[in-house]
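Notes to accompany the following structure.
The values are calculated or read from the model by the stated rules, or taken from the named source; none is laboratory data. No experiment lies behind these values; they were computed from the predicted model shown. Note that each Cβ is placed from the backbone with ideal geometry, even for glycine, and that neighbours are counted across all protein chains shown.
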């Protein structure tokens, strides 16, 4: 079996790493316990998080032990990395609910039986810390001058940086120290924006425990145009099927830019790299076959084969002008809404196909909106009960984005 480090390099996951040769040798010779932290800032993980989950699955398949760390404690502050303003503070109850949702999602992807993986929550040790004891043990090892040179803090200096947020690096560093002491955790992995925070923990263990541990960051999921993947007009692509349906996920991936197909197949699927390269080399209309493989494989990994097949059938049926029930995203309204009538611009916003009236107006003027396979020509059209067939109507944005409206 190939060294998992080589697998991660070949598939394009790794951004930065400390002591690369030593870490590779360690992963070859012994089981390594590692962790990735996930702050519970929402009630679902996203497709962006799935990069880190894929790495955890690769590592576990190679015999290493992942710790999925729920950030019930650190979310009380919120990571300032990549932010120009302070995060909205969540209540403890909201954070706990979000963490429970994360827990259920991790259990779909990792094997937690017989200690093969660990789930923990940093609320268990951060919420009851004694401030003075913590500062004497941990805070004394951090240079304010150095921290102010880091992008996570430097970018906030103009608008103001609170000590509240400034302490985030200390808490994340303490997480690494705690997991080292409790589980002999030797490696922390995170997104490329986490490098400074991870090095903080790496240095803390070196100073307090006189031992060497390792840090690794992963490339963020970005498109060929340089944009962060997983964002749509409706927001993030969520792993929760109630927030992003399997069909919507399938369609999103099916519409991947030609230039990104090989990269996303390598990062988001377990297909052998020979097959990834073969699919990525297809040209012209043939590349669409590779996009269908990408959409199917990722949807299958996240939602199961049955849902992936349904999404695939729905996409093919819609492409042929038919309708596959149960997989197309829909919004249900009370019948009285359309007895009175609703303007098409309001309806497009209500179901999430547009963000604003101006966007809806522009799309209609460009023949980009259809209703029941007929182009909408009038921006002031009122949708009424008469537009429904058997209580349903189909909206389409462009050629590929469908949304069904139902009445009850």
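Looking across the range 181-200, the residues that are under 24 Å from the mean Cα position of the chain (by Cα) and assigned to a helix (DSSP H, G or I) come down to 192, 193, 194, 195, 196, 197, 198, 199.
With the structure loaded, tell me whether residue 183 is in contact with a helix residue (DSSP H, G or I) (Cβ under 7 Å, 6 or more places away or on another chain) and on the phi < 0 side of the Ramachandran plot or whether it fails that test.
Values: in contact with a helix residue (DSSP H, G or I) (Cβ under 7 Å, 6 or more places away or on another chain): no; on the phi < 0 side of the Ramachandran plot: yes.
Taking the combined requirement at face value, the residue does not satisfy it.
Of the residues 135, 119, the single one that is part of a helix (DSSP H, G or I) and surrounded by 10 or more Cβ atoms within 10 Å (Cβ to Cβ) is 135.
Looking at 354, 299, 337, which one is in contact (Cβ under 8 Å) with a residue 40 or more places away in the chain, part of a helix (DSSP H, G or I) and in contact with a helix residue (DSSP H, G or I) (Cβ under 7 Å, 6 or more places away or on another chain)?
299
Against the conditions (1) touching a strand residue (DSSP E or B) at 6+ places or on another chain (Cβ under 6 Å); (2) touching a residue at least 60 places away in the same chain (Cβ under 8 Å), where does residue 164 fall short? Just the number, please. Single failed check for residue 164: (1). Among the conditions (1) touching a strand residue (DSSP E or B) at 6+ places or on another chain (Cβ under 9 Å); (2) touching a residue at least 24 places away in the same chain (Cβ under 8 Å), residue 28 misses just one, which is (1). Taking the criterion of being touching a helix residue (DSSP H, G or I) at 6+ places or on another chain (Cβ under 7 Å), in a strand (DSSP E or B), farther than 29 Å from residue 47 by Cα and modelled with pLDDT of 90 or more, would at least one residue in the range 385-401 satisfy it? No - not one qualifying residue is present in the range 385-401. Scanning the range 41-50 for residues that are touching a strand residue (DSSP E or B) at 6+ places or on another chain (Cβ under 6 Å) and at pLDDT 95 or above gives a single hit, 44.
Output yes when any residue across the range 202-224 is in a loop (DSSP other than H, G, I, E, B), over 27 Å from residue 33 (Cβ atoms) and either at pLDDT 85 or above or not assigned by TED's automatic domain parsing to the domain that holds residue 65 (or both), and no when none is. Explain how you work it out, then say what you get.
So in the range 202-224, the residues in a loop (DSSP other than H, G, I, E, B) come out as 210-213, 219-221, 223-224.
Next cut, over 27 Å from residue 33 (Cβ atoms) only: 223-224.
From what is left, the residues that are either at pLDDT 85 or above or not assigned by TED's automatic domain parsing to the domain that holds residue 65 (or both) are 223-224.
Yes, some residue in the range 202-224 is in a loop (DSSP other than H, G, I, E, B), over 27 Å from residue 33 (Cβ atoms) and either at pLDDT 85 or above or not assigned by TED's automatic domain parsing to the domain that holds residue 65 (or both).
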